[in-house]
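The values are calculated or read from the model by the stated rules, or taken from the named source; none is laboratory data. Everything numeric in this text was worked out from a predicted model, so none of it was measured. Ideal geometry is used to build each Cβ from the backbone, glycine not excepted, and the neighbour counts take in all protein chains shown. Note: accessible area is taken over every heavy atom of the protein model, side chains too, but ligands, DNA and RNA are not part of it. Shrake-Rupley method; radii C 1.70, N 1.55, O 1.52, S 1.80 Å.
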Amino acid sequence: MEPETQQKIEETVIDILKDADMQEMTEFKVRNLASDKLGIDLSAPQYKQVVRGVVESFISKKQEEVKAAEEAEEAEDVDEGEVRKHGAVDKEYDDDGDLIICRLSNKRRITIQDFRGKTLVSIREYYEKDGKQFPSSKGISLTTEQWRAFSKAVPAIEEAIKKLE
């Protein structure tokens, strides 16, 4: 492949990725969009390799930027905020000291807790009694290994949901 062609492909792919919704974009879609813009069939292995390299590089740079921004934000929070339990900054904890990651609804939330020396991710329904929220038996607690397995399956779950909608 000529260096000029490779450079044009790289620039086009980067332009596409800059404007793309990264939750929806796939390498296949990027390659097709670049093919259309350049008028070149990019399905040959040498072109696929170039596109894949640019996509991976772009994603890697974005992840580094996000991580740097999060670290900068966290550093600001440490300066401004109070460092609370578990060393987290300005995080929300429930009455049991469990870190609230997300409130799914009024009665459901995701928490991180330490139970008998194990870290658990709990997705649980809560009930109210005497003005306080308590966890119910309705829910699930996952070990970190189970959480990793689940989180790897999320893209397949999202794809299945899209197909059903």
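Structure summary
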item: Selected residue (criterion: nearest to Pro155 (Cα to Cα)) from residues of the stretch 43-55 that are open to solvent by less than 50 Å² (accessible area, probe 1.4 Å) and assigned to a helix (DSSP H, G or I); result: Val55
item: Cβ-Cβ under 7 Å pairs, at least 6 apart or on other chains, the stretch 110-130 side farther than 14 Å from Trp147 by Cα and part of a strand (DSSP E or B), far side open to solvent by 40 Å² or more (accessible area, probe 1.4 Å) and among the polar types (S, T, N, Q); result: Tyr126/Gln133
item: Check on Ser151, under 28 Å from Val30 (Cβ atoms), modelled with pLDDT of 90 or more and among the hydroxyl-bearing types (Ser, Thr, Tyr); result: yes
item: Of the criteria (1) surrounded by 15 or more Cβ atoms within 10 Å (Cβ to Cβ); (2) assigned to a helix (DSSP H, G or I), which one Thr5 fails; result: (1)
item: Close pairs (6 angstrom Cβ cut-off, 6 or more residues apart or separate chains): closer than 17 Å to Val13 by Cβ in the stretch 59-70, at pLDDT below 85 and open to solvent by less than 100 Å² (accessible area, probe 1.4 Å) anywhere; result: none
item: Conditions (1) in contact with a Lys or Arg (Cβ under 7 Å, 6 or more places away or on another chain); (2) loosely packed, with under 13 Cβ neighbours inside 10 Å; (3) over 29 Å from Met25 (Cβ atoms): number failed by Cys102; result: (3)
item: Count - residues of the stretch 13-39 that are surrounded by 15 or more Cβ atoms within 10 Å (Cβ to Cβ) and part of a loop (DSSP other than H, G, I, E, B); result: 2
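Results for (1) assigned to a helix (DSSP H, G or I); (2) at pLDDT 85 or above; (3) β-branched (Val, Ile, Thr), shown as yes or no for each residue.
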position	(1), (2), (3)
Met1	no, no, no
Glu11	yes, yes, no
Asp41	no, yes, no
Ser57	yes, yes, no
